[in-house]
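K.L.:
Dropping a structure here in structure tokens format, bear with me for questions.
The values are calculated or read from the model by the stated rules, or taken from the named source; none is laboratory data. All values reported here derive from a predicted model rather than from experimental measurement. All Cβ positions, even for glycine, are placed from backbone atoms using ideal geometry, and neighbour counts span all protein chains on display. Note: areas computed on protein heavy atoms with side chains; ligands, DNA, RNA excluded. Shrake-Rupley method; radii C 1.70, N 1.55, O 1.52, S 1.80 Å.
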Amino acid sequence: MALLILLIGFVLFFLSVGIFTSPGNGFRDTGIKSILLFSLLLAGITELTSFFKVLNHGSLVILWSVFSTCCLVLLYLRRSRLKLFIRNLKDSFQRFSPSMLRSHKIGFYAVVFILALVLLQGIINPPNNWDSMTYHLARITAWISQQSLSHFPTHIVRQVYQPPFAEFVILHVNLLSLSDYFSNAVQFVFLIFCLIVLLSLLELIGLKHQFGWIAIVLLITIPEVILQASSTQNDIVVSFFILSATLFAIKSLKEKGLNNYIFLGLSVGFAILTKGTAYIFLAPVLLFFGVALLIKTYKLRKYSLLVFSIAAALIAIAINAGHYYRNYQMSGHILGVSEAEQSRYANEIMGPDIFVSNFIKNISNHLGPYPLSRISKEAVIQLHNLAGMDADDPRTNFPGEVYKGASDLPTHEDTAPNPLHFLLILIAIFLIAKALIRNNIRVNRLILYLAIAILIQAVLFSYYLKWQPWHTRLHTPVFMLSIPLICYAFKINEKYIRYLKMAAIIALGYALLVVLFNSSRPYLSTRFTTNISVTDHRSKKMYANKLHQYEEYESVSSEIKRLGFKNIGLILGREDWEYPLFKNAYTHPLRPIHIEVKNISGSVPIERPKVDCIISTTVNDSVLYHNSKRFENQTTENKFVWFYYVLR
């Protein structure tokens, strides 16, 4: 299986990086740097093959095989250093195991059990997240059909302008395996990477070993994290890069040399190449870094630090250059967002009252599930009424969305609240503030900066973005960054540590239930959570969030296969599903061709082949005309998707 080439390549690359690092760096430091450099390589291969329009299975097999061979040759030539590195790794693990307390071992087994369930969950279920069906995976099938990353006309404009790195990784996984069986595993792997960075952050803050397992438990039990880890969303992927950017920003200030600045640049670059919210979440981190760097430069008169920071910025820009260029070609803007698209996400009016409104509504997203969700919703509505404001104001709510409060259903990846972790964050802030006010405990300055950075992230997020019911998912990086804050707050208040341990145990139990009753990929089903069963056919599970359209989509997909059509014309709504029609594109030559596109992507100049048929989710006429051809509707009785082709 060709996918093994990618996995073996990463392992060999990790060993190759390890032999060039000093023995004192350890497994975590080497691992994080390997991930960032490997991400650079993967993005580079994607852009290179796209440039030559050979982004296909064969090219990736050849390039990853050559890369793995080069690593093998390097490791053979440096085999003495390789033996030393492997011996150091063994020593680290041997020291680690005996040092674990009994409670830590129980936590370890519980974490492994839950992670194993999540990994299996992502493999036995197909990708079925709503955004993935509209654009995350749909854009991948378009790239495969044209063998490049070039922008293309599409009714779902997010397919072209949204940052693409998570999809780059899924593209390699799917193309090498010629299927989507391991698409969901990408976020799972990045969750493991997040744990590595988290432990490094704890070490920088100076927390004792006992907090390592508590931190790991708290991170993997964030409901939105455990739900997304078996999906093809991108919030865990971007969280890894935001965590690593925070880590290397601190290390750059504490240690000498260019090395950490390079990895800071890589982290920032890949964060913004993964998700647009990274601009908001990175802003306070980079602000503090910039101010601290200027102070350090002034005190030490070491102006090389400014050169290093400029190098980091250039690296971040270079990583995004390809995507920025494609966006600029389409819209004249490197972010690729038209005014109409921006107005869907950004608040149309701003001010202190608008910020407070959105801030409260964002907080209430985590005050669930039922009955807490109902109580918090009524409270927020009453507060708005008292202030003479409308909680459903379309200028501050996502188009078509009225304020609903937290979801009553705690097992859906788009809207699941994180109540326990939100409570722990509030307690942590209170305990740290208490220590500062009483001045009886010296609080680590890094923790203070981290706490302020998290508050600024929340402020910027609420001030700029319209309220959405799925904001709990977008808050994932903030919750991950808050874990060190929580651990430190209880460390300086040791008499409360037992309560933190109790919270971790509760979190494990809650997380297990969330995994088992996952609304989109369940092990156990109830009428309150989902109509999908673990025993259902894989193709049916793809429609877990749109089951009422399953039969129509599958019948149209079967007809395309039976008739041998390749160039598929599409007339879709901006939120309609596309990927299920092209899920076989890894082994069959299917090309999505959006026609009658009226948004900004419609002006993208590309070669448009003649379409063999037309599929529409918006037009149910008996006949459609395209390029002087008469396409007749074969499915007029359908309610959701209609299939047209030329009768011969």
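K.L.:
Mind listing whichever residues of the stretch 305-330 are touching a residue at least 24 places away in the same chain (Cβ under 8 Å) and open to solvent by 40 Å² or more (accessible area, probe 1.4 Å)? Steps first, please.
P.N.:
Within the stretch 305-330, the subset touching a residue at least 24 places away in the same chain (Cβ under 8 Å) is 308-309, 311-320, 322-323, 326-327, 329-330.
PHE308, ALA313, LEU314, ILE315, ILE317, ALA318, GLN329, listed by residue number.
K.L.:
Taking the conditions exactly as written (in contact with a Ser or Thr (Cβ under 8 Å, 6 or more places away or on another chain), within 30 Å of LEU253 (Cβ to Cβ) and not basic (Lys, Arg)), does ALA391 satisfy them or not? Break it down into steps so the answer makes sense when it comes.
P.N.:
On the way: in contact with a Ser or Thr (Cβ under 8 Å, 6 or more places away or on another chain): yes; within 30 Å of LEU253 (Cβ to Cβ): no; not basic (Lys, Arg): yes.
Taking the combined requirement at face value, the residue does not satisfy it.
K.L.:
Give the residues of the stretch 505-548 that are of a type in the set (Gly, Ala, Ser) and either open to solvent by less than 50 Å² (accessible area, probe 1.4 Å) or under 25 Å from the mean Cα position of the chain (by Cα) (or both), sorted by residue number. Spell out how you get there, then give the answer.
P.N.:
Just the residues of the stretch 505-548 that are of a type in the set (Gly, Ala, Ser), to begin with: 507, 509, 511, 519-520, 525, 533, 539, 544.
Answer for the stretch 505-548, where residues must be of a type in the set (Gly, Ala, Ser) and either open to solvent by less than 50 Å² (accessible area, probe 1.4 Å) or under 25 Å from the mean Cα position of the chain (by Cα) (or both): ALA507, GLY509, ALA511, SER519, SER520, SER533, SER539, ALA544.
K.L.:
Quick one: which of LEU247, LEU253, LEU218 is farther than 28 Å from ASN174 by Cα and either modelled with pLDDT under 95 or hydroxyl-bearing (Ser, Thr, Tyr) (or both)? Step through it out loud before you land on a result.
P.N.:
Details: LEU247 fails: either modelled with pLDDT under 95 or hydroxyl-bearing (Ser, Thr, Tyr) (or both); LEU218 fails: either modelled with pLDDT under 95 or hydroxyl-bearing (Ser, Thr, Tyr) (or both).
The conditions single out LEU253.
K.L.:
Right, here's the next one. Can you name every residue in the stretch 390-409 that is open to solvent by 30 Å² or more (accessible area, probe 1.4 Å) and not aliphatic (A, V, I, L, M)? Before you say what the answer is, go through the steps one by one.
P.N.:
Taking the stretch 390-409 first, the residues open to solvent by 30 Å² or more (accessible area, probe 1.4 Å) are 390, 392, 394-395, 399-402, 404, 408-409.
Answer for the stretch 390-409, where residues must be open to solvent by 30 Å² or more (accessible area, probe 1.4 Å) and not aliphatic (A, V, I, L, M): ASP390, ASP392, PRO394, ARG395, PRO399, GLY400, GLU401, LYS404, ASP408.
K.L.:
On to the next question. Report the residue count in the stretch 447-486 for those that are in contact with a Lys or Arg (Cβ under 8 Å, 6 or more places away or on another chain) and surrounded by fewer than 20 Cβ atoms within 10 Å (Cβ to Cβ).
P.N.:
Qualifying residue count, the stretch 447-486: 1.
K.L.:
OK, next. In the stretch 159-188, which residue that is open to solvent by 10 Å² or more (accessible area, probe 1.4 Å) and of a type in the set (Phe, Trp, Tyr) is farthest from the chain's Cα centre (by Cα)?
P.N.:
So, considering only residues that are open to solvent by 10 Å² or more (accessible area, probe 1.4 Å) and of a type in the set (Phe, Trp, Tyr), the one farthest from the chain's Cα centre (by Cα) is TYR181.
K.L.:
Any residue in the stretch 438-457 that is under 20 Å from the mean Cα position of the chain (by Cα) and within 29 Å of LEU243 (Cβ to Cβ)? Break it down stepwise before answering.
P.N.:
Applying the first criterion (under 20 Å from the mean Cα position of the chain (by Cα)) to the stretch 438-457 yields 454, 457.
Retained after the next criterion (residues that are within 29 Å of LEU243 (Cβ to Cβ)): 454, 457.
For the stretch 438-457, residues under 20 Å from the mean Cα position of the chain (by Cα) and within 29 Å of LEU243 (Cβ to Cβ): present.
K.L.:
Suppose we filter LEU7, LEU101 for residues that are open to solvent by 40 Å² or more (accessible area, probe 1.4 Å), modelled with pLDDT of 90 or more and within 30 Å of LEU512 (Cα to Cα); which single one remains? Spell out the reasoning first.
P.N.:
Numbers: LEU101 fails: modelled with pLDDT of 90 or more.
Unique residue meeting the criteria: LEU7.
K.L.:
Here is a follow-up. Name the pairs: first residue in the stretch 203-216 and among the aromatic types (Phe, Trp, Tyr), second residue in a helix (DSSP H, G or I) and modelled with pLDDT under 90, Cβ to Cβ under 6 Å, at least 6 apart or on different chains?
P.N.:
Short answer, once both residue conditions are applied: TRP213/HIS104; TRP213/GLY107.
K.L.:
Here is a further query. Answer with yes or no whether GLY336 is part of a helix (DSSP H, G or I), in contact (Cβ under 8 Å) with a residue 40 or more places away in the chain and either surrounded by 19 or more Cβ atoms within 10 Å (Cβ to Cβ) or under 25 Å from the mean Cα position of the chain (by Cα) (or both). Can you show your working first?
P.N.:
Values: part of a helix (DSSP H, G or I): no; in contact (Cβ under 8 Å) with a residue 40 or more places away in the chain: yes; either surrounded by 19 or more Cβ atoms within 10 Å (Cβ to Cβ) or under 25 Å from the mean Cα position of the chain (by Cα) (or both): yes.
Judged against the criteria, GLY336 is not a match.
K.L.:
Now for a separate question. Taking only the stretch 571-624 into account, find how many residues are among the hydroxyl-bearing types (Ser, Thr, Tyr) and either within 30 Å of GLY58 (Cα to Cα) or open to solvent by less than 50 Å² (accessible area, probe 1.4 Å) (or both).
P.N.:
Taking the stretch 571-624 as the starting set, the residues that turn out to be among the hydroxyl-bearing types (Ser, Thr, Tyr) are 579, 586-587, 601, 603, 616-618, 622.
If we keep only those that are either within 30 Å of GLY58 (Cα to Cα) or open to solvent by less than 50 Å² (accessible area, probe 1.4 Å) (or both) as well, we get 579, 586-587, 601, 616-617.
Of the residues in the stretch 571-624, 6 are among the hydroxyl-bearing types (Ser, Thr, Tyr) and either within 30 Å of GLY58 (Cα to Cα) or open to solvent by less than 50 Å² (accessible area, probe 1.4 Å) (or both).
K.L.:
Considering (1) surrounded by fewer than 22 Cβ atoms within 10 Å (Cβ to Cβ); (2) in contact with a Ser or Thr (Cβ under 7 Å, 6 or more places away or on another chain), say which one PRO417 fails and leave the rest.
P.N.:
Status for PRO417: all satisfied but (1).
K.L.:
Just give me the residues in the stretch 339-348 being closer than 18 Å to ASP392 by Cβ and either free of Cβ contacts under 8 Å to residues at least 24 places away in the same chain or open to solvent by 50 Å² or more (accessible area, probe 1.4 Å) (or both), in sequence order.
P.N.:
If the condition is that a residue be closer than 18 Å to ASP392 by Cβ and either free of Cβ contacts under 8 Å to residues at least 24 places away in the same chain or open to solvent by 50 Å² or more (accessible area, probe 1.4 Å) (or both), then SER343, TYR345, GLU348 are the ones that fit.
K.L.:
Please report, ordered by residue number, the strands (runs of 3 or more DSSP E) entirely within the stretch 558-616 with at least 3 residues that are under 29 Å from LEU176 (Cα atoms). Even if it seems obvious, please write down each step before you answer.
P.N.:
Numbers: elements: 567-571, 591-594, 613-616.
Of the strands (runs of 3 or more DSSP E) lying wholly inside the stretch 558-616, those with at least 3 residues that are under 29 Å from LEU176 (Cα atoms) span 567-571, 591-594.
K.L.:
Go through the stretch 549-570 residue by residue and tally those that are among the small types (Gly, Ala, Ser), within 30 Å of ASN518 (Cβ to Cβ) and open to solvent by less than 50 Å² (accessible area, probe 1.4 Å).
P.N.:
Looking only at the stretch 549-570, we keep the residues that are among the small types (Gly, Ala, Ser), and these are 555, 557-558, 564, 569.
Narrowing the set further to residues that are within 30 Å of ASN518 (Cβ to Cβ) leaves 555, 557-558.
Those left that are additionally open to solvent by less than 50 Å² (accessible area, probe 1.4 Å): 557.
Going through the stretch 549-570 one residue at a time, the tally reaches 1.
K.L.:
List, please: which pairs have Cβ atoms under 9 Å, are six or more places apart or on different chains, and start with a residue in the stretch 5-27 that is farther than 12 Å from LYS83 by Cα and end with one that is part of a loop (DSSP other than H, G, I, E, B) and at pLDDT 90 or above?
P.N.:
Here the result reads PHE20/ARG78, each pair linking the stretch 5-27 to a residue that is part of a loop (DSSP other than H, G, I, E, B) and at pLDDT 90 or above.
K.L.:
For PHE422, all conditions in the list (1) under 16 Å from PHE479 (Cα atoms); (2) among the hydrophobic types (A, V, I, L, M, F, W, C); (3) in contact with an Asp or Glu (Cβ under 9 Å, 6 or more places away or on another chain) hold save one; what is the number of the exception?
P.N.:
(3)
K.L.:
Still on this structure, I have one more. Restricting the search to the stretch 517-539, which residues are under 18 Å from GLU554 (Cα atoms), in a loop (DSSP other than H, G, I, E, B) and in contact (Cβ under 8 Å) with a residue 12 or more places away in the chain?
P.N.:
ASN531, ILE532
K.L.:
Residues that are within 30 Å of GLY290 (Cβ to Cβ) and modelled with pLDDT of 95 or more: does the stretch 435-448 have at least one?
P.N.:
Here is the first cut: in the stretch 435-448, the ones within 30 Å of GLY290 (Cβ to Cβ) are 435-437, 439, 441-448.
In the following step, the residues that additionally are modelled with pLDDT of 95 or more were identified as none.
No.
K.L.:
Separate question: Considering only the stretch 244-261, I want to know if a residue exists there that is assigned to a helix (DSSP H, G or I), within 27 Å of THR415 (Cα to Cα), open to solvent by less than 10 Å² (accessible area, probe 1.4 Å) and in contact with a Pro (Cβ under 9 Å, 6 or more places away or on another chain).
P.N.:
no
K.L.:
Which of the following residues is touching a residue at least 24 places away in the same chain (Cβ under 8 Å), within 28 Å of the chain's Cα centre (by Cα) and open to solvent by 40 Å² or more (accessible area, probe 1.4 Å): LEU41, LEU48?
P.N.:
On the way: LEU48 fails: touching a residue at least 24 places away in the same chain (Cβ under 8 Å).
One residue alone meets the criteria, LEU41.
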